[in-house]
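The values are calculated or read from the model by the stated rules, or taken from the named source; none is laboratory data. Note that this is a predicted model, so its numbers are computed, not measured. So basically every Cβ, Gly included, is an ideal-geometry build from the backbone, and we count neighbours across all protein chains shown.
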Amino acid sequence: MRTDYLLYIFHDIFWISFLGTRFFMRLRGKSSPQRTEPESVVTQDKSVRFSRVLVVLHTAAFFSIYFGLARALFVHRVVPLWFSGQRIIGAATILAATLLTCSALVCFRSWRIRAKLDKGHQLTTAGPFRFIRHPIYTGFNLLALGSAIWVPTPLMWLAAIAMAIAGDLRARAEERLLVDAFPFAYRDYCRVTKRFLPGVY
């Protein structure tokens, strides 16, 4: 069981990197250079109705992930073995999630937890945003997927599905907001990028 507890270390790496990158970029007050369009800055505050509800749904998905991990590792103390190397693939997926989310935070000047655009918000199309529209939510999905591969219990897979659904709902809500804020630039951007998986969806 000692090896399975390493999963918590990988989650620590993810969250320390995520929060550390966000803190550093806020402290720095700017991010890496990004491509901007003439229509690229919000002129007034905008928000999505029920954005707090969407955040609560996403939070519940995170809770289900950590509840599932605790139940498998501390209550049942049994981790199903689906195939050899599942821990390695799970760990690699979580590390990929870490790199993706941190690189997105470096490029994203105006990241918010809620679906809200403050005055001065800029449309970001650099870094991982060149390939997918929601790399941060994709990173969260990869974190959940890697955890479910590492600890493949039914509860963990249901939690990973819940994470994907919650992320998709938040992404769609934010897209409606961005289309309203950047009617031409964002539509052009959507034509050349997918929501989560390049070339697929």
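Report, by residue number, each residue of the range 66-82 that is within 16 Å of L6 (Cβ to Cβ) and either at pLDDT 95 or above or in contact with a helix residue (DSSP H, G or I) (Cβ under 8 Å, 6 or more places away or on another chain) (or both). Let's see the steps before the verdict.
Within the range 66-82, the first condition is being within 16 Å of L6 (Cβ to Cβ), and the residues that meet it are 66, 69-70, 72-74, 77, 79, 81.
Those that are within 16 Å of L6 (Cβ to Cβ) and either at pLDDT 95 or above or in contact with a helix residue (DSSP H, G or I) (Cβ under 8 Å, 6 or more places away or on another chain) (or both): Y66, L69, A72, L73, V79.
Being under 18 Å from I16 (Cα atoms) and assigned to a loop (DSSP other than H, G, I, E, B) narrows it down to one of I113, I94, so name that one.
Of the residues listed, the single one that is under 18 Å from I16 (Cα atoms) and assigned to a loop (DSSP other than H, G, I, E, B) is I113.
Quick check: is even one residue across the range 178-195 buried (at least 21 other Cβ atoms within 10 Å of the Cβ), among the hydrophobic types (A, V, I, L, M, F, W, C), at negative phi and under 18 Å from the mean Cα position of the chain (by Cα)?
Taking every residue of the range 178-195 in turn, at least one turns out to be buried (at least 21 other Cβ atoms within 10 Å of the Cβ), among the hydrophobic types (A, V, I, L, M, F, W, C), at negative phi and under 18 Å from the mean Cα position of the chain (by Cα).
Run down S103, S51 and say which single residue is in contact with a Lys or Arg (Cβ under 6 Å, 6 or more places away or on another chain) and of a type in the set (G, A, S).
Numbers: S103 fails: in contact with a Lys or Arg (Cβ under 6 Å, 6 or more places away or on another chain).
None of the other options fit; the residue is S51.
Determine the pairs where a residue that is over 9 Å from G146 (Cα atoms), located within the range 77-92, has a partner that is among the small types (G, A, S) and in a helix (DSSP H, G or I) with Cβ atoms under 9 Å apart, the partner being 6 or more residues away or on another chain.
Note: pairs meeting the criteria are V78/A72; V79/A72; P80/A72.
Run L158 past the list (1) modelled with pLDDT of 95 or more; (2) over 22 Å from T21 (Cα atoms); (3) in a loop (DSSP other than H, G, I, E, B) and report the number of the one that doesn't hold.
(3)
Which of the residues that make up the range 109-126 are surrounded by 21 or more Cβ atoms within 10 Å (Cβ to Cβ) and at pLDDT 80 or above?
Within the range 109-126, the first condition is being surrounded by 21 or more Cβ atoms within 10 Å (Cβ to Cβ), and the residues that meet it are 115, 117, 121, 123-124.
Once the filter is applied, which keeps residues that are surrounded by 21 or more Cβ atoms within 10 Å (Cβ to Cβ) and at pLDDT 80 or above, the range 109-126 yields L123, T124.
Within the range 152-175, which residues are more than 18 Å from the chain's Cα centre (by Cα) and touching a residue at least 40 places away in the same chain (Cβ under 8 Å)?
Taking the range 152-175 as the starting set, the residues that turn out to be more than 18 Å from the chain's Cα centre (by Cα) are 152-155.
Those that are more than 18 Å from the chain's Cα centre (by Cα) and touching a residue at least 40 places away in the same chain (Cβ under 8 Å): P152, T153, L155.
From (1) assigned to a loop (DSSP other than H, G, I, E, B); (2) more than 18 Å from the chain's Cα centre (by Cα), pick out the condition that doesn't hold for P198.
All conditions pass for P198, except number (2).
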